[in-house]
1. Largest first, please: the extent of the C-alpha atoms of region 98-148 along each principal axis, to the nearest Å.
2. Among the DSSP beta bridges whose two residues both lie in region 225-307, what percent are antiparallel, rounded to the nearest 5?
3. Can you give the Rg to Rh ratio for region 225-307, taking only C-alpha atoms and Rh from Kirkwood?
4. In region 63-153, which trypsin sites (Lys or Arg not before Pro) are in a loop and have at most 12 other Cβ atoms within 10 Å, using DSSP for the loop call?
5. Rounded to the nearest 0.05, what FRET efficiency is calculated for S247 and D139 with R0 set to 35 Å and r the Cβ-Cβ distance?
6. Region 21-60: percent of C-alpha pairs farther apart than 11 Å?
7. Pop out the ³J(HN,Hα) list for region 45-50 in order, Karplus 6.51 cos²θ - 1.76 cosθ + 1.60 with θ = phi - 60°, rounded to Hz; leave Gly and Pro as x.
8. Which semi-axis lengths, in whole Å and largest first, follow from the square roots of five times the eigenvalues of the Cα gyration tensor of region 153-249?
Amino acid sequence: MTKKQLLLAGLLLGSVFTINAQTTISFEASEGYTVGNVHNQNGWIVTGDGEGGFIANQSISNALATNGSQSLKIDEDPSFSGQTSTIMGAFYNFTPLASTHYSVSADYYISELDAANFGMHLVGSTSFISRFEFNYEGDARTVETVGTGLAWSPIAGFTWVANRWYNVKIEVNGTEVKYYIDNVLLRTGATTITESVQQLRFAHDNYGGFAYVDNIVMTNLALGVGEQVASNFSVYPNPSNGLVNISNDLNSVLTSVSLTDLNGRTVKTAKLNGDSSAQVNISDLSAGVYMMTINSDQGSVTKKIIKN
């Protein structure tokens with residue numbers, strides 16, 4: 001079979017989903033995901049094959065995960081040759097985020113060095129807003145302004161190893177872009193694109209190897225009214241070694257809660273009873289500081305909790 005080279009014509013858009021104050025995607029069955037091809041699942045699409053179809057091997061997998069039991073797997077499609085850029089993968093479409101201050105993070109696991117480049121890209125209506133990649137040689141890079149154009153620029157002092165989870169976070173504030181790995185700021189760059197973000201891409205250039213992606217968190221950091229909402233939520237006792245009470249003065253319907261450690265790892269999730277108050281048992285967690293995200297019918301708020 002003759003292997004084919006893909007050309008990416010424009011920015012692909014399909015079904016569109018809405019991002020709330022904070023949205024988490026962990027590819028679980030409870031979120032409506034099923035193991036198999038990710039195309040057309042909950043707003044996800046995969047790269048077209050140039051002939052009216054779509055590439056293979058971009059899927060929901062139950063082989064490895066950081067949050068729950070399922071994750072996104074992006075893998076080589078042997079029908080195609082290696083590509084000149086990271087255009088093969090899975091893309092998530094959502095309603096354009098009006099905010100100019102937001103962050104997107106995800107856990108990323110790559111199977112091997114000296115294979116494909118793997119990327120995480122934020123996309124507007126016509127252009128890339130931000131591009132981060134794990135380079136096949138073991139470093140990472142971002143697109144930065146060089147002279148009058150754009151070019152890939154390696155991130156000094158960072159190297160990655162295969163078969164290890166990394167948390168990648170991109171924070172955009174106007175034209176400033178910050179890149180974090182495992183909550184460590186590695187680079188502050190810039191973007192000339194002021195379009196609203198509306199697509200998230202996890203992609204590779206098809207030179208071998210595969211990657212898992214999990215625990216995607218998209219946060220609108222321009223809180224405004226949300227900060228006022230947050231002030232009406234209470235969690236107590238804090239510190240606690242057992243039950244934590246959640247209440248609010250807005251009669252908001254509480255739907256779920258998640259706790260993450262300071263490395264950004266989700267350590268506990270729970271569905272709530274749909275009332276304006278609830279209790280969460282944290283006695284099974286190790287002593288330390290956690291961030292508790294409370295989801296309600298009026299959005300999401302995050303509170304710091306100390307387990308003693």
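Just so it is clear, none of the values below were taken in a lab; they were calculated from the coordinates. Fair warning: this is a prediction, and the values are worked out from it, not measured in the lab. All Cβ positions, even for glycine, are placed from backbone atoms using ideal geometry, and neighbour counts span all protein chains on display.
1. 37, 31, 17
2. Within region 225-307, antiparallel bridges account for around 95 percent of the total.
3. Taking Rg over the Kirkwood Rh, I get 0.93.
4. Passing both the DSSP loop test and the Cβ count: no residue.
5. 0.15
6. So the pairs more than 11 Å apart make up 67 percent of the total in region 21-60.
7. Once θ is set to phi - 60°, the couplings for region 45-50 become 10, 10, 4, x, 8, x Hz.
8. 33, 21, 14
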